[in-house]
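Structure, as structure tokens:
The values are calculated or read from the model by the stated rules, or taken from the named source; none is laboratory data. Source: prediction; values computed, not measured. Glycine gets a Cβ as well: all are built from the backbone with ideal geometry, and neighbour counts include every protein chain shown. Remember, those area values only see protein heavy atoms, side chains included, never the ligands or the DNA or RNA. Shrake-Rupley method; radii C 1.70, N 1.55, O 1.52, S 1.80 Å.
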Amino acid sequence: MSTRSFVSSCDIRSAFSAAMSAMYRTEVPAYGTLMDIVARVNAATLAADPALKERLEETHSLERVSEERHGAIRLGTAVELAMMRRVFAVMGMYPVGYYDLSEAGVPVHSTAFRPVGDEALKRNPFRVFTSLLRLDLIADEKLRAGAEAILRKRQIFTAGAIELTEKAERQGGLDDDDAKRFVADVLETFRWHHHANVDLAMYKRLHDAHRLVADVVSFKGPHINHLTPRTLDIDEVQRLMPEYGIAPKAVVEGPPSRRCAILLRQTSFKALEEAVAFRDASGSWQEGTHTARFGEIESRGIALTPKGRALYDKLLTGSRKVVRPAADGSNAAAYEKALADAFVPFPDSWAEIREQGLGYFRYSLTEKGESAIASADAGIDQLVADGLVCFDPIVYEDFLPVSAAGIFQSNLGDEATQEFTASPNQQRFERDLGIPVLNEFDHYAGIEAQSIAECQTRLTAAQAAE
């Protein structure tokens, strides 16, 4: 009796990530330029800091930096969201976190599909920030009904993608030929379409309601609107972009530049104005333009505990009470100073961050600890103090609502910033999704707890062997 051999979800995810990158490089040549800048900056950063390179190698994290990407898509219906969840599950990607962007003037709520296991993240940490349009936030009832009717008619997945997703669910995986077909078919969902799904008059009405609504409703599918490499020095990338003919957004979103990076910092180049064909009243194609897709870069720091995140949110809010960044960059210097000043109370050493319980760490035995014996009663703080255990920051794998909204708005234009009543509805989102999202704090706490338990087990096992 033969045994089926299935391709691992990590390998399917890696193949899809590479295919997406190649497609986007063709569709948006500036993305290729961006990748070249990031590769140059990362190589220079590692060359200038051998200790950083050594620690990344020791923690098996070096290779993932160059492989790291996150994309973003915007979906229109609950049916699309539920099917997208099933498609991503074939790639070993699961919904983590709930994000309400309505509070920042963007009519969507979102989650991040990503791998969650430590080994899976090391293999390929590809993420897709996935937003669902909130048409309920659009005041014009007639326009809302029209948009809903348009979205109901479209099918964003190929028949092959649906068939292979169902096959993977039914048999527990895909063989090599099916996995290749799966990647090719799913890629079609994310491809740019030159021909719009609506006539020019409807596009203008949607655009006037909110440019993001037009981006979701007006096309045959949720084209990837950015693909983001990870850099080890985002300030240097920001500085270099103009030298390559790319205009960066005015300010880097997220926390200020620090020795010990926290959470997530993001920047981007301005969205492209791209030619789109619309039907006119006679049914003929008429050339127009649409602006949505852009290039983004990210720099990741430590995942913060609820206590650390509360402090981060407090300090960020405080900085924006002093200076709120203008989309045109006119007050960029003042904002960056206000941000840096506001974050002075946040400790900037790993030891202090750990001691104050602000961040999550992964613990491992030191060279001394590898040959030592410790009491079963020794707590992690004592083991660290005794030099038996060291700690490394756990990388923040998720996103920040205010930063995401800042990126969206800087690429949608000043007029896209609108006031919506903050209306988080995680219960509705999870109902549409079909499953609960994973709580990121619980996830990081579990990783930290597991690393502590492994250290204590190994040390006490050595004691038992004596």
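Tabulated values for the structure
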| quantity | calculated |
| --- | --- |
| Residue under evaluation Trp192, criteria (1) closer than 19 Å to Met20 by Cβ; (2) open to solvent by less than 10 Å² (accessible area, probe 1.4 Å), criterion not met | (2) |
| Condition met for Gly434 (open to solvent by 30 Å² or more (accessible area, probe 1.4 Å) and at pLDDT 95 or above) | yes |
| Some residue of the range 107-120 being farther than 25 Å from Tyr444 by Cα, of a type outside the set (S, T, N, Q) and touching a strand residue (DSSP E or B) at 6+ places or on another chain (Cβ under 8 Å) | yes |
| Residue in the range 140-163 that is surrounded by the most Cβ atoms within 10 Å (Cβ to Cβ), counting only those that are touching a residue at least 60 places away in the same chain (Cβ under 8 Å) and more than 14 Å from Thr77 (Cβ to Cβ) | Ala161 |
| Condition broken by Ala112, with the remaining ones in (1) surrounded by fewer than 19 Cβ atoms within 10 Å (Cβ to Cβ); (2) under 26 Å from the mean Cα position of the chain (by Cα); (3) of a type in the set (A, V, I, L, M) satisfied | (1) |
| Residues of the range 228-268 classified as more than 24 Å from Ser319 (Cα to Cα) and open to solvent by 10 Å² or more (accessible area, probe 1.4 Å), total | 8 |
| Lone qualifier among Arg258, Arg230, Arg239 - being over 18 Å from the mean Cα position of the chain (by Cα), touching a residue at least 12 places away in the same chain (Cβ under 8 Å) and closer than 22 Å to Ala48 by Cβ | Arg258 |
| Evaluation of Val183 against (1) at pLDDT 90 or above; (2) within 23 Å of Phe269 (Cβ to Cβ); (3) of a type in the set (A, V, I, L, M) (one fails), failing number | (2) |
| Matching entry among Ser375, Ser403, Ser423, Ser410 (being touching a helix residue (DSSP H, G or I) at 6+ places or on another chain (Cβ under 6 Å) and at pLDDT below 75) | Ser423 |
| Residue satisfying all of: in the range 437-461; of a type in the set (D, E, K, R), open to solvent by 50 Å² or more (accessible area, probe 1.4 Å) and over 30 Å from Met83 (Cα atoms); modelled with the lowest pLDDT among these | Arg458 |
| Conditions (1) under 23 Å from the mean Cα position of the chain (by Cα); (2) open to solvent by 10 Å² or more (accessible area, probe 1.4 Å); number of the one not met by Val87 | (2) |
| Scope the range 8-49; condition open to solvent by 50 Å² or more (accessible area, probe 1.4 Å), in contact (Cβ under 8 Å) with a residue 40 or more places away in the chain and of a type in the set (Lys, Arg); matching residues | Arg40 |
| Residue ID - most open to solvent (accessible area, probe 1.4 Å), chosen from residues in the range 275-307 that are within 24 Å of the chain's Cα centre (by Cα) and over 22 Å from Leu232 (Cβ atoms) | Lys307 |
| Those residues of the range 308-322 which are touching a Phe, Trp or Tyr at 6+ places or on another chain (Cβ under 6 Å) and surrounded by fewer than 18 Cβ atoms within 10 Å (Cβ to Cβ), in sequence order | none |
| Residue within the range 321-329 that is modelled with pLDDT of 95 or more and in contact with a helix residue (DSSP H, G or I) (Cβ under 7 Å, 6 or more places away or on another chain) present | no |
| Matching residues, the range 321-336, being touching a residue at least 12 places away in the same chain (Cβ under 8 Å) and assigned to a helix (DSSP H, G or I) | Val322, Ala332, Tyr335, Glu336 |
| Where Asn197 falls short, out of the listed (1) more than 18 Å from the chain's Cα centre (by Cα); (2) open to solvent by 10 Å² or more (accessible area, probe 1.4 Å); (3) at pLDDT 90 or above; (4) not hydrophobic (A, V, I, L, M, F, W, C) | (3) |
| Residue check, Arg69 under 20 Å from Ile234 (Cβ atoms) and surrounded by 17 or more Cβ atoms within 10 Å (Cβ to Cβ) | yes |
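Yes/no per residue for (1) touching a helix residue (DSSP H, G or I) at 6+ places or on another chain (Cβ under 7 Å); (2) in a helix (DSSP H, G or I):
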| residue | (1), (2) |
| --- | --- |
| Ile73 | no, no |
| Val79 | no, yes |
| Ala82 | yes, yes |
| Phe88 | no, yes |
| Val96 | yes, no |
| Val106 | yes, no |
| Ser110 | no, no |
| Ala120 | yes, yes |
